1. Exactly one condition in (1) surrounded by 18 or more Cβ atoms within 10 Å (Cβ to Cβ); (2) more than 14 Å from the chain's Cα centre (by Cα) is false for Phe86; which is it?
2. For residues in the stretch 1-26 being touching an Asp or Glu at 6+ places or on another chain (Cβ under 8 Å) and surrounded by 12 or more Cβ atoms within 10 Å (Cβ to Cβ), which is modelled with the lowest pLDDT?
3. Under 7 Å between Cβ atoms, which residue pairs at least 6 apart in sequence (or on different chains) link something in the stretch 28-40 that is farther than 15 Å from Leu94 by Cα and of a type in the set (Phe, Trp, Tyr) with a partner that is modelled with pLDDT of 95 or more and assigned to a loop (DSSP other than H, G, I, E, B)?
4. Which one of the conditions (1) touching a helix residue (DSSP H, G or I) at 6+ places or on another chain (Cβ under 9 Å); (2) assigned to a loop (DSSP other than H, G, I, E, B); (3) modelled with pLDDT under 95 does Gly96 fail to meet, given that it meets all the rest?
5. Could you please find all residues in the stretch 77-93 being within 20 Å of Ala38 (Cβ to Cβ) and not in a helix (DSSP H, G or I)?
6. Considering only residues that are surrounded by fewer than 16 Cβ atoms within 10 Å (Cβ to Cβ) and in a helix (DSSP H, G or I), look in the stretch 52-76 and name the one that is nearest to the chain's Cα centre (by Cα).
7. Which of the numbered conditions does Pro45 fail, given that it passes all the others? Conditions: (1) under 30 Å from Val22 (Cα atoms); (2) surrounded by fewer than 14 Cβ atoms within 10 Å (Cβ to Cβ).
8. Filter the stretch 27-58 for residues that are of a type in the set (Lys, Arg) and either touching a helix residue (DSSP H, G or I) at 6+ places or on another chain (Cβ under 8 Å) or at pLDDT below 95 (or both) and give the result.
Amino acid sequence: MAGLGLGQQILVALSLRPLREVIVKYVLFYESADDVRAKAPPHVPAHSARIAEFHIQGTLLMIGTFADPQEGAMGIFTTREAAEEFARGDAFVLNGVVRNWRILEWNESVAGPQ
């Protein structure tokens, strides 16, 4: 692929991959409360335990805050039910660290080997 730009190389690589079914994931977005930095610390242990629980179950694939925690956070789940269950019982949601949350269905298009 010498002589091709990076974008062209990616398109060629994708076209050479065998076709596969669309893989759907569910992205949980958290909107932080105005005083997230003050409210979060006492609830971090329970929040971290919940993360570990869902990760061990295999339903939570990735999670984290944005570079500025005031901008919120997101997690990627294998099912909508898992994302909803996580949010509804999360200490950050229950204790006002998170102002609002929502889940969007996401179609994965580029991933590592299956």
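1. In the conditions (1) surrounded by 18 or more Cβ atoms within 10 Å (Cβ to Cβ); (2) more than 14 Å from the chain's Cα centre (by Cα), Phe86 misses (2) alone.
2. Filtering the stretch 1-26 for residues that are touching an Asp or Glu at 6+ places or on another chain (Cβ under 8 Å) and surrounded by 12 or more Cβ atoms within 10 Å (Cβ to Cβ), the one modelled with the lowest pLDDT comes out as Ile23.
3. The qualifying pairs are Phe29/Gly72.
4. In the conditions (1) touching a helix residue (DSSP H, G or I) at 6+ places or on another chain (Cβ under 9 Å); (2) assigned to a loop (DSSP other than H, G, I, E, B); (3) modelled with pLDDT under 95, Gly96 misses (3) alone.
5. Asp90
6. Selected residue: His55.
7. (1)
8. Arg37, Arg50, listed by residue number.
The values are calculated or read from the model by the stated rules, or taken from the named source; none is laboratory data. Please read all numbers here as calculations on a predicted model, not as lab measurements. Because the Cβ atoms are built from the backbone with ideal geometry, glycine has one as well, and the counts that use them run over all protein chains shown.
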